[in-house]
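Below is one structure, written out as structure tokens; the observations come after it.
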Amino acid sequence: MNTPASHAFSYHSCNFCPRRCGIDRSRQPGYCGGPDHIVAARAALHDWEEPCISGFRGSGTVFFSGCTLRCCFCQNYRISSGRFGAPVTQERLAAIFLTLQSQGAHNINLVTATQYLPSVLAALRAVRQRLVIPVVYNCGGYETKEAIDALSPYIDVWLPDLKYFDPALAARYSGAPDYFQAASLAVKRMIRAAGPPVLETVSEGGRSALLLKRGVLIRHLVLPGQKHDSIRLMRWIHDELPKDSFLISLMSQYTPYNKNPLYPELNRRITSYEYNTVLNTAIDLGLTQGYMQKKSSAKEEYTPPFGLEGIVK
């Protein structure tokens with residue numbers, strides 16, 4: 001397989017995400033908040049992904065600082081909008097991947113990495129022959145076809161969000177009215193790149209887990225007051241994506257971390273009625289391959305502590 005040239009992506013005229021802002025990030029950060037080098041906040045084993053990702057040893061997650069969406073309700077707001085983190089060279093990032101593998105990670109999990117695309121590609125290329133575990137691309141779904149094509153030789157599992165159907169919601173909460181237009185195409189392209197889900201049972205010391213080795217797992221977080229938008233997304237998934245070509249994770253974990261007077265409608269958790277209405281629609285549509293969350297899953301423990309663990313030596 002030919003490897004796409006990374007020189008198509010330049011920090012001097014940023015075009016990594018659908019915003020294509022063209023900013024010279026050696027002079028100023030882009031919308032994402034990222035400079036012209038990697039900034040990351042944590043690299044460690046993580047137990048709070050879906051069971052097929054975390055397994056029993058944990059997912060080797062690298063949390064990158066900044067974000068191309070910066071959603072107003074982000075549970076990782078300290079790093080996505082607050083930009084907490086430390087500089088990381090691409091050589092150091094490659095070493096982090098290998099360290100996580102040696103610690104027993106079931107996979108390498110790149111969390112919100114698109115704003116550092118050239119550096120991430122270089123790090124993945126450097127360790128490609130030494131990684132024997134899958135690489136997971138954990139993103140907001142707001143991706144370009146060029147980014148997906150460049151990453152495809154290195155990514156085994158795509159873990160995109162599919163956040164909104166309504167452009168007005170996407171504009172209000174993420175400043176991206178073109179979100180669904182971009183994310184719907186991105187998800188289809190990810191499915192074409194990865195193929196249908198491949199799961200494998202891994203056992204060790206009396207423990208076992210069914211792990212996703214290749215494929216696409218689509219996440220959707222149900223938001224307060226937005227069950228109808230969620231239902232429209234469930235219907236789009238059913239109508240537009242090939243059957244058995246993906247897993248789905250329907251999440252109820254929305255937690256308002258700070259009362260925000262600009263978004264009063266988001267200053268509460270979702271109700272059981274809201275979540276169950278969306279869940280029942282998904283079940284009625286046959287979207288049953290994947291995961292649902294209990295209402296009690298709305299906990300702050302899903303947000304890991306960001307203290308530069310695994311980033312700073």
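The values are calculated or read from the model by the stated rules, or taken from the named source; none is laboratory data. No experiment lies behind these values; they were computed from the predicted model shown. Glycine also receives a Cβ, built like all others from the backbone with ideal geometry; neighbour counts cover every protein chain displayed. Accessible surface areas use protein heavy atoms only, side chains included; no ligands, DNA or RNA. Shrake-Rupley method; radii C 1.70, N 1.55, O 1.52, S 1.80 Å.
Things to note:
- When ILE133 is tested against (1) in a helix (DSSP H, G or I); (2) in contact with a His (Cβ under 9 Å, 6 or more places away or on another chain), exactly one condition is not met: (1).
- Yes/no for VAL157 being touching a residue at least 40 places away in the same chain (Cβ under 8 Å), crowded, with 19+ Cβ neighbours inside 10 Å, under 12 Å from the mean Cα position of the chain (by Cα) and over 25 Å from ASP239 (Cα atoms): no
- The requirement of being modelled with pLDDT under 95 and either among the aliphatic types (A, V, I, L, M) or not in a helix (DSSP H, G or I) (or both) is not satisfied by THR288.
- Scanning the stretch 191-213 for residues that are closer than 27 Å to TYR164 by Cβ and either open to solvent by 60 Å² or more (accessible area, probe 1.4 Å) or touching a helix residue (DSSP H, G or I) at 6+ places or on another chain (Cβ under 6 Å) (or both) returns ARG192, PRO196, LEU212.
- Here ALA122 passes the criteria (1) out of contact with any Leu (no Cβ under 7 Å at 6 or more places or on another chain); (2) in contact (Cβ under 8 Å) with a residue 12 or more places away in the chain; (3) in a loop (DSSP other than H, G, I, E, B); (4) surrounded by fewer than 18 Cβ atoms within 10 Å (Cβ to Cβ) except the one numbered (3).
- Among (1) assigned to a strand (DSSP E or B); (2) of a type outside the set (Phe, Trp, Tyr); (3) more than 15 Å from the chain's Cα centre (by Cα) - the single one SER230 does not satisfy: (1)
- When the test is whether a residue is closer than 28 Å to ASP156 by Cα, surrounded by fewer than 18 Cβ atoms within 10 Å (Cβ to Cβ) and among the acidic types (Asp, Glu), GLU309 passes it.
- Neighbours by Cβ (under 6 Å, 6+ apart or cross-chain): first from the stretch 226-238, farther than 13 Å from LEU279 by Cα and open to solvent by 40 Å² or more (accessible area, probe 1.4 Å); second among the aliphatic types (A, V, I, L, M) and not in a helix (DSSP H, G or I): HIS238/LEU285
- Criterion violated by ASN76 - all others in (1) modelled with pLDDT of 95 or more; (2) open to solvent by 20 Å² or more (accessible area, probe 1.4 Å) satisfied: (1)
- Answer residue from the stretch 252-278, given it is outside any loop (DSSP other than H, G, I, E, B), open to solvent by 20 Å² or more (accessible area, probe 1.4 Å) and not hydroxyl-bearing (Ser, Thr, Tyr) and is nearest to SER184 (Cα to Cα) among those: ASN276
- Residue within the stretch 39-46 that is in a helix (DSSP H, G or I) and surrounded by 23 or more Cβ atoms within 10 Å (Cβ to Cβ) present: no
- Pairs, first without any contact (Cβ under 8 Å) to a residue 24 or more places away in the chain in the stretch 73-95, second open to solvent by less than 20 Å² (accessible area, probe 1.4 Å) and assigned to a helix (DSSP H, G or I), C-beta under 6 Å, six or more apart: CYS74/SER80
- Among the candidates LEU69, LEU93, residue that is open to solvent by less than 10 Å² (accessible area, probe 1.4 Å) and either in a loop (DSSP other than H, G, I, E, B) or more than 20 Å from ASP156 (Cα to Cα) (or both): LEU69
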